[in-house]
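The structure appears right after this line, and notes come after that.
The values are calculated or read from the model by the stated rules, or taken from the named source; none is laboratory data. These numbers were taken from a predicted model, which means no experiment stands behind them. All Cβ positions, glycine included, derive from the backbone under ideal geometry; neighbour counts span all protein chains shown.
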Ligand SMILES: Nc1ncnc2c1ncn2[C@@H]1O[C@H](COP(=O)(O)OP(=O)(O)OP(=O)(O)O)[C@@H](O)[C@H]1O
Ligand SMILES: [Mg+2]
C-alpha cells in the first residue's frame, strides 16, 4: 500500500503537472524575416527571468534552432515520429538554461508529414516529464500545414514582419488562412529589422489597416526589434544575442518582448482545437469547478 508520504509526493506532482503551459508559436509567412532569431532570444530571455522554457524547432524540413544555439543533437523529432525515441529522449539542454526539441534538417518526409502524424506529434507533448512554464514553437516559412497546425495548437501566435512588400503580403496570406480555416483570430505582431527606432509601430499600423479591413482578426503590436549588426554577429557565433551581447539594442528589445509575453493571459480552458498540453487545460478547468462548489 502506498504510504501517506508517497501520496503527498504523487499529488504534488499531479498539481504541478496540472499547471497550464503558455505556448507561443512564432511565425511570419516569408522566409528570413527573423522567426528563429525571435524564438531563440525569447526562449533565452524567458529562461533568464526564471521560467522553465522549452523551445520546439517546428521547422521540420530545414531545422536550424540548434544551429543558432551551437548544439549538435543526436536525436531529433524524426526519431520520435519513427517511434525510435520518446520526446523526453530527444530533448537537449541549451547552455542558456532551457530545453530544445530539435528537428531534423533535410528530412523531406518530416516536412511532408501527414496531418494525422502531425496531430500525433502535438499530442505527444502531453507525455513530457519535464516541468514547463512556457513553450516557444519556431515555425517554418510559408503556409504549409505544419505551420498552420503548430500555430493553431498554440495559445499565442506571434507574426514576425519586416518592412518589405513580400513580408507584408506573405504575413497577410498566413493570417488570412489561419483565421478563415483554422479558427485563429488573434495575432501578436513583432516588427523586425527596424532601421529607424520607433518606426516599427508605423509598419504595424500599415499591416493592421489592411488586415483589419479585409479579415475578421484582432492584431496587437507586440514590439519592434531593431536591425542590429550584433544580432548578425551572434548568429555567426551560434549564440543568442541576448546572452552574447546583452546590452545591444536587439538584445534589449528581445528582453522587453519577453517581459511583455510574460503578461499575456494564460488560457482559462481548452478552445476545442487540437492543442499542445490540452489535458492540463482540461484538468485546470475541472479543478476550478471543484473549488467553486
Ligand atoms: N533584427 C535583425 N538585425 C540584423 N539582422 C537580422 C535581424 N533579424 C534577422 N537578421 C538576420 O536575418 C537572418 C535570418 O534570420 P532568421 O533565421 O531568424 O529568420 P527566419 O525567419 O527564421 O528564416 P527562415 O524562414 O529561413 O527560417 C539572420 O541570420 C540574421 O543574420
Ligand atoms: Mg527559421
query = Of all the residues that make up segment 37-52, how many are surrounded by 24 or more Cβ atoms within 10 Å (Cβ to Cβ) and either free of Cβ contacts under 8 Å to residues at least 24 places away in the same chain or touching a helix residue (DSSP H, G or I) at 6+ places or on another chain (Cβ under 7 Å) (or both)?
reply = 8
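Please enumerate the residues belonging to segment 53-68 that are more than 16 Å from ligand 2 (Cβ to nearest atom) and either assigned to a loop (DSSP other than H, G, I, E, B) or in contact with a helix residue (DSSP H, G or I) (Cβ under 6 Å, 6 or more places away or on another chain) (or both).
To start, the set of residues in segment 53-68 that are more than 16 Å from ligand 2 (Cβ to nearest atom) comprises 53-54.
Passing the criteria: only 53.
For every residue, the table says whether it meets (1) within 25 Å of residue 234 (Cβ to Cβ); (2) away from ligand 1 (no atom under 11 Å from the Cβ).
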| site | (1), (2) |
| --- | --- |
| 35 | yes, no |
| 46 | yes, yes |
| 49 | yes, yes |
| 64 | yes, no |
| 89 | no, yes |
| 95 | yes, yes |
| 113 | no, yes |
key: Residue list for segment 138-174, restricted to those being over 28 Å from residue 124 (Cβ atoms), without any contact (Cβ under 8 Å) to a residue 60 or more places away in the chain and in contact with a helix residue (DSSP H, G or I) (Cβ under 7 Å, 6 or more places away or on another chain)   = 163, 168
Condition check for residue 99: touching a strand residue (DSSP E or B) at 6+ places or on another chain (Cβ under 8 Å) and part of a loop (DSSP other than H, G, I, E, B) = no
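Residues checked against (1) modelled with pLDDT under 95; (2) within 16 Å of ligand 2 (Cβ to nearest atom); (3) crowded, with 21+ Cβ neighbours inside 10 Å; (4) within 17 Å of residue 24 (Cβ to Cβ):
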position: 79; (1), (2), (3), (4): yes, no, no, no
position: 86; (1), (2), (3), (4): yes, no, no, no
position: 91; (1), (2), (3), (4): no, no, no, no
position: 95; (1), (2), (3), (4): no, no, no, no
position: 108; (1), (2), (3), (4): yes, no, no, no
position: 112; (1), (2), (3), (4): yes, no, no, no
position: 134; (1), (2), (3), (4): no, no, yes, yes
note = In segment 45-60, residues that are touching a strand residue (DSSP E or B) at 6+ places or on another chain (Cβ under 7 Å) and under 25 Å from residue 280 (Cβ atoms) total 9
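Scan segment 234-270 for residues that are within 16 Å of ligand 1 (Cβ to nearest atom), part of a helix (DSSP H, G or I) and within 21 Å of residue 55 (Cβ to Cβ) and report the count.
16
Identify the residue in segment 253-264 that is out of contact with any strand residue (DSSP E or B) (no Cβ under 9 Å at 6 or more places or on another chain) and surrounded by fewer than 16 Cβ atoms within 10 Å (Cβ to Cβ) and, among all such residues, is modelled with the lowest pLDDT.
Step one: of segment 253-264, the residues out of contact with any strand residue (DSSP E or B) (no Cβ under 9 Å at 6 or more places or on another chain) are 255, 258-259, 263.
Those still in the list that are surrounded by fewer than 16 Cβ atoms within 10 Å (Cβ to Cβ) too: 259, 263.
Values: 259: 98, 263: 95.
Across segment 253-264, the extreme among qualifying residues is 263.
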request  = Tell me which residues, restricted to segment 198-223, are at pLDDT below 95 and under 18 Å from residue 256 (Cα atoms).
outcome  = 198
task = Give me the pairs, please: first residue somewhere in segment 210-233 and over 16 Å from residue 184 (Cβ atoms), second residue anywhere and in a loop (DSSP other than H, G, I, E, B) and within 16 Å of ligand 2 (Cβ to nearest atom), beta-carbon distance under 8 Å, and either six or more positions apart or on two chains.
result = 225/34
request  = Six or more apart or on different chains, Cβ under 7 Å: which pairs go from a residue in segment 58-74 that's more than 15 Å from residue 44 (Cα to Cα) to one that's within 9 Å of ligand 2 (Cβ to nearest atom) and outside any strand (DSSP E or B)? Could you list them?
outcome  = 58/140; 59/140; 60/140; 61/140; 62/140; 64/36
